[in-house]
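Data block below; observations after.
The values are calculated or read from the model by the stated rules, or taken from the named source; none is laboratory data. Keep in mind that what you see is a predicted model, and the values were worked out from it rather than measured. Quick reminder, even Gly has a Cβ in these numbers, built from the backbone with ideal geometry, and neighbours come from all protein chains shown.
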Amino acid sequence: MKAIVKPMEYDFFARQKLIDEICKEYPFIKRMVIGKSCMGKEITALKIGSAEQYSLITAAYHGMERITSTILLMFLEDLAFSIKNDLSIEGVNAIRGLSGRGAIFVPCVNPDGCDISLLGKVACGGDADRISRLCKSDFTRWNANFRGVDINHNFDADWCNLREKERNLGIYGPAPTRYGGPKPESEPETKAIVNLCKKVQIRHAVALHTQGEVIYWKFGENTPQRSKRIAEIFATASGYALDVPISIADGGGFKDWFIERFNRPAFTFEMGLGKNPLPAENAEEIYLKAREMLTLATII
């Protein structure tokens, strides 16, 4: 297979072109626009199969973690190639594995934040000076969306307690990271994911982040009993460890909201090792280590 997706940096427009090429090569992938970012960039979802329930894998909530978008597109391309050619992926026949099932992939939840971290001032539109002040001119460390809201702190899951934790750390307003917004679901990127999950029956959900090679699987009292067993399967497949987020990392996230809202399994995969942003050339190595886990997350 001549890969369409390469281990390199992609801004919004390059990523959309990649998605165009993948959908052209594999026309059974259904492309949907589930929302738009603060700056009007499309938030794209890609669906394979038709079923009553779907697995959902999402990526790139944070600007510095945009490598997860590339990793997810690598997996989607591998999966689509296997379906088209009736092949196996990680020992599972792709067609049979998805028989009666469906999968939805959202490669980039936060396109504005990813572009700001990658491109700096040129991605900030007319607000370059404001964003520069917030990040002290170090755009590479930008995780939030265009308005300075951390999307993975903006979901309605113990949000009020999370806000107190933020304030205890001196975070009271827009910032490069960890500001949960003026209220839960205040941001269009958050609403796009929330609305998708309300419209489509999602049997379980995964959010891709970096880094640490750990799996988060638990939140509050609504965590299904089967969640830990599924997480253990993912851990065995990847070599990742099971872990529990603490302090400011607990609450407000997509995984947290999904578990609390639907009482169904949801997981965060912290991919790769090192310091964010991880080098784009590491995408293939990280992907190959996680490919079996991603395959299971799609079909399990």
Please specify each residue of region 230-245 satisfying the condition of being touching a residue at least 24 places away in the same chain (Cβ under 8 Å) and not aliphatic (A, V, I, L, M).
Phe234, Ser238, Gly239, Tyr240, Asp243, Pro245
Looking at the structure I just gave you, is Val109 assigned to a loop (DSSP other than H, G, I, E, B), out of contact with any Gly (no Cβ under 9 Å at 6 or more places or on another chain), modelled with pLDDT of 95 or more and not small (Gly, Ala, Ser)?
yes
Check Ile230, Ile248 and return the single one that is farther than 26 Å from Cys38 by Cα and buried (at least 17 other Cβ atoms within 10 Å of the Cβ).
Ile230
Flag if Thr268 is outside any helix (DSSP H, G or I), in contact (Cβ under 8 Å) with a residue 12 or more places away in the chain and among the hydroxyl-bearing types (Ser, Thr, Tyr):
yes
Just checking, which of Ala290, Ala283 is within 14 Å of Val214 (Cβ to Cβ), under 15 Å from the mean Cα position of the chain (by Cα) and part of a helix (DSSP H, G or I)?
Ala290
Quick one: count up the residues across region 209-231 that are farther than 12 Å from Pro265 by Cβ and at pLDDT 95 or above.
6
Can you spot a residue in region 7-19 that is closer than 28 Å to Leu98 by Cβ, free of Cβ contacts under 8 Å to residues at least 60 places away in the same chain and in contact with a Lys or Arg (Cβ under 8 Å, 6 or more places away or on another chain)?
no
Output for Cβ contacts, cut-off 7 Å, separation at least six or different chains, first residue farther than 20 Å from Gln53 by Cβ in region 85-102, second of a type in the set (Asp, Glu) and not in a strand (DSSP E or B), reads Ile89/Asp78; Glu90/Glu292
Which members of region 182-196 meet the condition of being within 16 Å of Asp112 (Cα to Cα) and either among the charged types (D, E, K, R) or in contact with a helix residue (DSSP H, G or I) (Cβ under 9 Å, 6 or more places away or on another chain) (or both)?
Glu187, Glu189, Thr190, Lys191, Ile193
Mind telling me which of the residues Val149, Val200, Val214 ends up being within 19 Å of Leu278 (Cβ to Cβ) and either over 14 Å from the mean Cα position of the chain (by Cα) or buried (at least 24 other Cβ atoms within 10 Å of the Cβ) (or both)?
Val214
